[in-house]
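Undergrad: Let me begin by handing over the structure; questions about it come next.
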Amino acid sequence: PFDKAFTMNFSENGNYIAIGSSKLFSKVFDAKTGKELHYFKSDSEKGCDGCGTLVKISPNEKYVFSISSKKDGILWNLKSGKQIKKFGDFEKRPTNIAFTANEKFLLISSVNQVYVYDIESGKLKLKLDNKWIRYYEVKFQKSHHQFILPSKNNIIDIWDAQNGRKIKTLKGYLNQQRADGLKYD
(Lines give C-alpha, C1' and ligand atoms only; values in the text may rest on other atoms or scores of the structure.)
Protein backbone atom coordinates (compact mmCIF):
# COMPACT_ATOMS: atom_id res chain seq x y z
CA PRO A 1 0.00 0.00 0.00
CA PHE A 2 1.10 3.57 -0.73
CA ASP A 3 -0.70 6.79 0.26
CA LYS A 4 -1.49 8.82 -2.91
CA ALA A 5 1.32 7.88 -5.29
CA PHE A 6 2.24 10.75 -7.64
CA THR A 7 5.46 9.64 -9.42
CA MET A 8 7.45 6.44 -9.62
CA ASN A 9 10.65 5.25 -11.23
CA PHE A 10 13.01 2.31 -11.22
CA SER A 11 16.74 2.68 -10.78
CA GLU A 12 18.57 2.08 -14.07
CA ASN A 13 19.60 -1.48 -13.18
CA GLY A 14 16.20 -2.30 -11.66
CA ASN A 15 17.33 -2.80 -8.03
CA TYR A 16 15.22 -0.02 -6.50
CA ILE A 17 11.85 1.66 -6.93
CA ALA A 18 11.28 5.24 -5.77
CA ILE A 19 7.74 6.53 -5.29
CA GLY A 20 6.72 10.13 -4.54
CA SER A 21 3.40 10.91 -2.88
CA SER A 22 0.97 13.80 -3.23
CA LYS A 23 1.44 14.25 0.52
CA LEU A 24 5.04 15.59 0.63
CA PHE A 25 6.96 12.36 1.18
CA SER A 26 8.66 9.68 -0.86
CA LYS A 27 9.82 6.12 -0.28
CA VAL A 28 12.41 3.78 -1.75
CA PHE A 29 11.77 0.05 -2.02
CA ASP A 30 13.87 -2.97 -2.88
CA ALA A 31 12.50 -3.91 -6.31
CA LYS A 32 13.05 -7.63 -5.85
CA THR A 33 11.53 -8.08 -2.37
CA GLY A 34 9.20 -5.07 -2.17
CA LYS A 35 10.68 -4.19 1.24
CA GLU A 36 10.57 -0.49 2.16
CA LEU A 37 14.13 0.75 2.58
CA HIS A 38 13.72 4.50 3.18
CA TYR A 39 11.02 7.02 4.01
CA PHE A 40 12.01 10.55 2.96
CA LYS A 41 10.07 13.47 4.37
CA SER A 42 10.86 17.14 4.30
CA ASP A 43 11.44 18.87 7.61
CA SER A 44 8.92 21.41 6.38
CA GLU A 45 6.07 22.14 8.76
CA LYS A 46 3.69 22.64 5.86
CA GLY A 47 1.32 19.79 5.26
CA CYS A 48 -0.25 19.24 1.90
CA ASP A 49 -2.57 16.81 0.20
CA GLY A 50 -2.08 17.44 -3.52
CA CYS A 51 1.49 18.78 -3.61
CA GLY A 52 2.89 16.03 -5.79
CA THR A 53 6.40 14.94 -4.89
CA LEU A 54 8.70 14.15 -7.79
CA VAL A 55 11.39 11.59 -7.02
CA LYS A 56 14.32 10.29 -9.08
CA ILE A 57 17.10 7.75 -8.46
CA SER A 58 20.50 8.69 -9.89
CA PRO A 59 22.02 6.48 -12.64
CA ASN A 60 24.64 4.81 -10.43
CA GLU A 61 22.24 4.42 -7.49
CA LYS A 62 24.20 6.83 -5.29
CA TYR A 63 21.44 9.42 -4.79
CA VAL A 64 17.71 9.93 -4.60
CA PHE A 65 16.34 13.41 -5.26
CA SER A 66 12.87 14.49 -4.14
CA ILE A 67 11.05 17.77 -4.64
CA SER A 68 7.53 19.19 -4.59
CA SER A 69 5.88 22.57 -4.93
CA LYS A 70 5.88 23.13 -1.15
CA LYS A 71 9.44 22.26 -0.16
CA ASP A 72 13.04 22.55 -1.25
CA GLY A 73 14.54 19.82 -3.36
CA ILE A 74 16.46 17.36 -1.20
CA LEU A 75 19.32 15.12 -2.26
CA TRP A 76 19.45 11.90 -0.22
CA ASN A 77 22.05 9.15 0.03
CA LEU A 78 20.35 6.06 -1.42
CA LYS A 79 22.29 3.55 0.70
CA SER A 80 22.04 5.28 4.12
CA GLY A 81 18.84 7.28 3.62
CA LYS A 82 20.51 10.38 5.06
CA GLN A 83 19.93 13.89 3.70
CA ILE A 84 22.96 15.25 1.85
CA LYS A 85 21.88 18.77 0.82
CA LYS A 86 18.97 20.98 -0.15
CA PHE A 87 18.39 22.85 -3.38
CA GLY A 88 15.90 25.71 -3.30
CA ASP A 89 14.61 29.00 -4.64
CA PHE A 90 12.36 27.50 -7.30
CA GLU A 91 9.77 29.92 -8.64
CA LYS A 92 7.34 27.39 -10.12
CA ARG A 93 6.21 23.85 -9.39
CA PRO A 94 8.87 21.38 -10.60
CA THR A 95 7.86 19.02 -13.41
CA ASN A 96 11.06 17.12 -14.22
CA ILE A 97 14.31 15.85 -12.65
CA ALA A 98 17.40 14.54 -14.49
CA PHE A 99 20.91 13.48 -13.49
CA THR A 100 23.97 13.30 -15.73
CA ALA A 101 25.27 9.75 -16.21
CA ASN A 102 28.30 10.50 -14.01
CA GLU A 103 26.06 12.09 -11.32
CA LYS A 104 27.93 15.41 -11.53
CA PHE A 105 24.94 17.59 -12.45
CA LEU A 106 21.29 17.70 -11.46
CA LEU A 107 18.65 19.33 -13.65
CA ILE A 108 15.26 20.46 -12.33
CA SER A 109 12.68 21.98 -14.65
CA SER A 110 9.28 23.58 -14.27
CA VAL A 111 6.73 24.78 -16.83
CA ASN A 112 8.95 27.71 -17.82
CA GLN A 113 12.35 27.40 -16.14
CA VAL A 114 15.35 25.08 -16.08
CA TYR A 115 17.87 24.89 -13.22
CA VAL A 116 21.15 22.97 -13.41
CA TYR A 117 23.15 22.38 -10.22
CA ASP A 118 26.62 21.04 -9.56
CA ILE A 119 25.83 18.19 -7.16
CA GLU A 120 29.12 18.23 -5.25
CA SER A 121 29.22 21.97 -4.53
CA GLY A 122 25.45 22.52 -4.54
CA LYS A 123 25.96 25.66 -6.65
CA LEU A 124 23.55 26.75 -9.36
CA LYS A 125 25.38 26.41 -12.70
CA LEU A 126 22.60 27.53 -15.01
CA LYS A 127 19.13 29.04 -14.76
CA LEU A 128 17.13 29.44 -17.97
CA ASP A 129 13.73 30.92 -18.61
CA ASN A 130 12.05 28.93 -21.36
CA LYS A 131 8.37 29.46 -22.08
CA TRP A 132 8.32 26.61 -24.61
CA ILE A 133 9.36 23.88 -22.19
CA ARG A 134 5.96 23.38 -20.48
CA TYR A 135 5.89 19.67 -19.55
CA TYR A 136 8.72 18.60 -21.85
CA GLU A 137 10.89 15.93 -20.21
CA VAL A 138 14.49 17.14 -20.26
CA LYS A 139 17.17 14.45 -20.23
CA PHE A 140 20.94 14.58 -20.40
CA GLN A 141 22.84 12.93 -23.23
CA LYS A 142 24.37 9.73 -21.82
CA SER A 143 28.06 10.44 -22.47
CA HIS A 144 28.16 14.23 -22.04
CA HIS A 145 26.66 16.99 -19.92
CA GLN A 146 24.46 18.18 -22.76
CA PHE A 147 20.69 18.51 -22.93
CA ILE A 148 18.21 19.88 -25.46
CA LEU A 149 15.42 22.41 -25.00
CA PRO A 150 12.64 23.50 -27.30
CA SER A 151 12.69 27.12 -28.47
CA LYS A 152 10.61 29.54 -30.54
CA ASN A 153 9.52 28.60 -34.08
CA ASN A 154 10.17 24.88 -33.50
CA ILE A 155 13.89 25.41 -32.98
CA ILE A 156 15.90 23.11 -30.71
CA ASP A 157 18.82 24.43 -28.62
CA ILE A 158 21.58 22.19 -27.27
CA TRP A 159 23.00 23.32 -23.91
CA ASP A 160 26.11 22.25 -21.99
CA ALA A 161 25.72 21.98 -18.20
CA GLN A 162 29.50 22.01 -17.66
CA ASN A 163 29.98 25.56 -18.94
CA GLY A 164 26.36 26.79 -18.86
CA ARG A 165 26.33 27.78 -22.54
CA LYS A 166 24.19 27.09 -25.57
CA ILE A 167 26.44 25.14 -27.90
CA LYS A 168 24.24 24.60 -30.95
CA THR A 169 20.88 25.49 -32.47
CA LEU A 170 19.06 23.01 -34.70
CA LYS A 171 16.54 24.31 -37.23
CA GLY A 172 14.84 23.13 -40.35
CA TYR A 173 13.30 24.51 -43.50
CA LEU A 174 10.24 26.07 -41.86
CA ASN A 175 12.19 28.13 -39.35
CA GLN A 176 14.82 29.54 -41.69
CA GLN A 177 14.78 33.23 -42.63
CA ARG A 178 12.59 33.63 -45.69
CA ALA A 179 14.15 35.20 -48.78
CA ASP A 180 10.86 36.14 -50.51
CA GLY A 181 10.16 39.25 -48.40
CA LEU A 182 7.24 37.65 -46.52
CA LYS A 183 7.51 37.49 -42.75
CA TYR A 184 7.21 34.13 -41.02
CA ASP A 185 5.68 34.14 -37.56
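Undergrad: How much of the accessible area of segment 30-92, in percent, comes from carbon and sulfur atoms when a 1.4 Å probe is used?
TA: Ligands and nucleic acids excluded, carbon and sulfur give 42 percent.
Undergrad: How compact and how long is the chain, expressed as Rg and Dmax of its alpha-carbon atoms in Å?
TA: Both quantities, over Cα of the chain: 18.2, 66 Å.
Undergrad: Cut-off under 22 Å on the C-alpha distance; same-chain residues fewer than 8 positions from residue 27 excluded. Which lysines are left, in chain and number order?
TA: Of all the lysines, those that pass the test against residue 27 - Cα under 22 Å, at least 8 places apart if same chain - are 4, 35, 41, 46, 56, 62, 70, 71, 79, 82, 85, 86.
Undergrad: A further question follows. Return the sequence-ordered ³J(HN,Hα) values of segment 148-158 in whole Hz as given by the Karplus equation 6.51 cos²θ - 1.76 cosθ + 1.60 applied to θ = phi - 60°, using x for Gly and Pro.
TA: 10, 9, x, 9, 4, 6, 6, 8, 10, 10, 9
Undergrad: Based on the Cβ-Cβ distance from residue 152 to residue 118, what FRET efficiency comes out when R0 is 35 Å, to the nearest 0.05?
TA: The calculated FRET efficiency here is 0.75.
Undergrad: How much length is gained if the chain between residue 144 and residue 61 is pulled fully straight, taking 0.36 nm per residue apart and subtracting their Cα-Cα distance, in nm to one decimal?
TA: Going from the current span to full extension adds 28.0 nm.
Undergrad: Work out the length of the dipole vector of the chain about its Cα centre, built from +1 on the beta-carbon of each Lys and Arg and -1 on the beta-carbon of each Asp and Glu, and round it to the nearest 20 debye.
TA: In total the dipole reaches around 180 debye.
Undergrad: Within segment 113-170, what whole-number % of the accessible surface is contributed by carbon and sulfur, with the 1.4 Å probe and all protein chains included in the calculation?
TA: Ligands and nucleic acids excluded, carbon and sulfur reach 47 percent.
Undergrad: By accessible area of protein heavy atoms, probe 1.4 Å, what ranking do 144, 38 get, highest first?
TA: I get 144, 38, largest accessible area first.
Undergrad: How big is the gap, in Å, between the Cα center of segment 1-38 and the Cα center of segment 73-108?
TA: Segment 1-38 and segment 73-108 have Cα centres separated by 16 Å.
Undergrad: How much space per residue, in cubic angstrom, does the convex hull of the C-alpha atoms of segment 79-140 take up?
TA: Cα-based convex hull of segment 79-140, divided per residue, equals 97 Å³.
Undergrad: Net charge around residue 156, counting only other residues with Cβ within less than 10 Å of its Cβ (Lys, Arg = +1; Asp, Glu = -1)?
TA: So the environment of residue 156 carries a net charge of +1.
Undergrad: Run the reach check for residue 152 against lysines, Cα to Cα strictly under 26 Å, same-chain hits fewer than 8 apart removed. What comes back?
TA: Cross-link targets: 92, 125, 127, 131, 139, 142, 166, 168, 171, 183.
The values are calculated or read from the model by the stated rules, or taken from the named source; none is laboratory data. Just so it is clear, the model here is predicted, and its values are computed rather than measured. Counting neighbours? That spans all protein chains shown, and the Cβs are built from the backbone with ideal geometry, glycine included. Ligands, DNA and RNA are excluded from the accessible area calculation, which covers all protein heavy atoms including side chains. Shrake-Rupley method; radii C 1.70, N 1.55, O 1.52, S 1.80 Å.
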